[in-house]
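A.B. asks: This structure is in structure tokens; I'll ask about it shortly.
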Amino acid sequence: MSAFEVLVVAAAVATGLAGGVLYAFSAFVMAGLRRLDPGAGAAAMRSINVTAVRPPLMLLLAASVLLPAGAAVVGLVGGADGAGWALAGAVVALVGILGITAVGNVPLNDRLDAATDPAAEWLTFVPRWLAWNHARTAAGAVATALLAVALVV
């Protein structure tokens, strides 16, 4: 296996795992939090946001961007057949996973954390946060698929 292929496999695993974690939030974590009264839901989410900013999630999110970028660079420099697909996967991961997190979900988390009435904020927070999270989830899936194609072309 070439260095490009190893990096693409690692990148596909990282983006797939990141997309899966984000999917879990969209599919059942947020659904469970929505079943709570707004004050309890907001409190739980604020607690999750504190514990999320630790190595398990941060390393995964970093890997989901850095590994595809590394695969794309190695592929482009080495002239690998799937380099363009790897580059596309890297761009989708960068914009769709990291970018959306930075411009969509984190500001909403910060707003919830700073709210003087978290229960009231929760009611507007959930649909907006979920919309951004659905987009991040889709980006993880698309990036993984693009990286898989990079291996087979």
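The values are calculated or read from the model by the stated rules, or taken from the named source; none is laboratory data. Computed from a predicted model, the values in this text were never measured in an experiment. For neighbour counting, all protein chains shown are included, and Cβ atoms are generated from backbone atoms with ideal geometry for every residue, glycine included.
A.B. asks: Just checking, does region 130-153 include any residue being among the polar types (S, T, N, Q) and under 16 Å from E5 (Cα atoms)?
C.D. replies: Yes: one or more hits.
A.B. asks: Kindly indicate whether G19 is more than 15 Å from L151 (Cβ to Cβ), under 21 Å from the mean Cα position of the chain (by Cα) and not hydroxyl-bearing (S, T, Y).
C.D. replies: Judged against the criteria, G19 is a match.
A.B. asks: Which members of region 1-38 meet the condition of being within 16 Å of L108 (Cα to Cα) and of a type in the set (G, A, S)?
C.D. replies: Answer for region 1-38, where residues must be within 16 Å of L108 (Cα to Cα) and of a type in the set (G, A, S): just S26.
A.B. asks: All but one of (1) within 16 Å of F25 (Cα to Cα); (2) surrounded by fewer than 18 Cβ atoms within 10 Å (Cβ to Cβ) hold for V126, so report the exception by its number.
C.D. replies: In the conditions (1) within 16 Å of F25 (Cα to Cα); (2) surrounded by fewer than 18 Cβ atoms within 10 Å (Cβ to Cβ), V126 misses (2) alone.
A.B. asks: Yes or no: A10 within 30 Å of A150 (Cα to Cα) and at pLDDT 95 or above?
C.D. replies: yes
A.B. asks: Checking the condition surrounded by fewer than 19 Cβ atoms within 10 Å (Cβ to Cβ), within 28 Å of S2 (Cα to Cα), within 19 Å of the chain's Cα centre (by Cα) and of a type outside the set (D, E), which residue from L59, L67 passes?
C.D. replies: On inspection, the qualifying residue turns out to be L59.
A.B. asks: Just to check your reading of the model, which residue among A72, A62, A80 is in a loop (DSSP other than H, G, I, E, B) and either touching a Ser or Thr at 6+ places or on another chain (Cβ under 8 Å) or among the small types (G, A, S) (or both)?
C.D. replies: After applying the criteria, what remains is A80.
A.B. asks: Based on this model, can you work out whether A42 counts as part of a helix (DSSP H, G or I), under 28 Å from A114 (Cβ atoms) and in contact (Cβ under 8 Å) with a residue 40 or more places away in the chain?
C.D. replies: In short, yes.
A.B. asks: Only one of G84, G99 is under 23 Å from the mean Cα position of the chain (by Cα) and farther than 14 Å from A139 by Cα; which?
C.D. replies: Just one listed residue meets the conditions, G84.
A.B. asks: With the requirement that a residue be among the β-branched types (V, I, T) and without any contact (Cβ under 8 Å) to a residue 12 or more places away in the chain, what does region 96-132 give you?
C.D. replies: Result: V103, V106, T116, T124.
A.B. asks: How many of the residues making up region 22-35 are touching a helix residue (DSSP H, G or I) at 6+ places or on another chain (Cβ under 7 Å) and closer than 17 Å to I97 by Cα?
C.D. replies: Within region 22-35, residues that are touching a helix residue (DSSP H, G or I) at 6+ places or on another chain (Cβ under 7 Å) and closer than 17 Å to I97 by Cα number 4.
A.B. asks: For region 30-43, enumerate the residues that are hydrophobic (A, V, I, L, M, F, W, C), closer than 19 Å to W132 by Cα and either surrounded by 14 or more Cβ atoms within 10 Å (Cβ to Cβ) or in contact with a His (Cβ under 8 Å, 6 or more places away or on another chain) (or both).
C.D. replies: Those that are hydrophobic (A, V, I, L, M, F, W, C), closer than 19 Å to W132 by Cα and either surrounded by 14 or more Cβ atoms within 10 Å (Cβ to Cβ) or in contact with a His (Cβ under 8 Å, 6 or more places away or on another chain) (or both): M30, L33, A42.
A.B. asks: Taking only pairs six or more apart or across chains, which ones have beta-carbon atoms under 7 Å, a first residue in region 13-30 that is under 19 Å from N49 (Cβ atoms), and a second residue that is assigned to a helix (DSSP H, G or I) and hydroxyl-bearing (S, T, Y)?
C.D. replies: A18/S64; L22/T137; Y23/T137; S26/T137
A.B. asks: Another question, if that's okay. Conditions: (1) within 30 Å of A40 (Cα to Cα); (2) assigned to a helix (DSSP H, G or I). T116 meets all but one. Number of the miss?
C.D. replies: So the condition that T116 fails would be (2).
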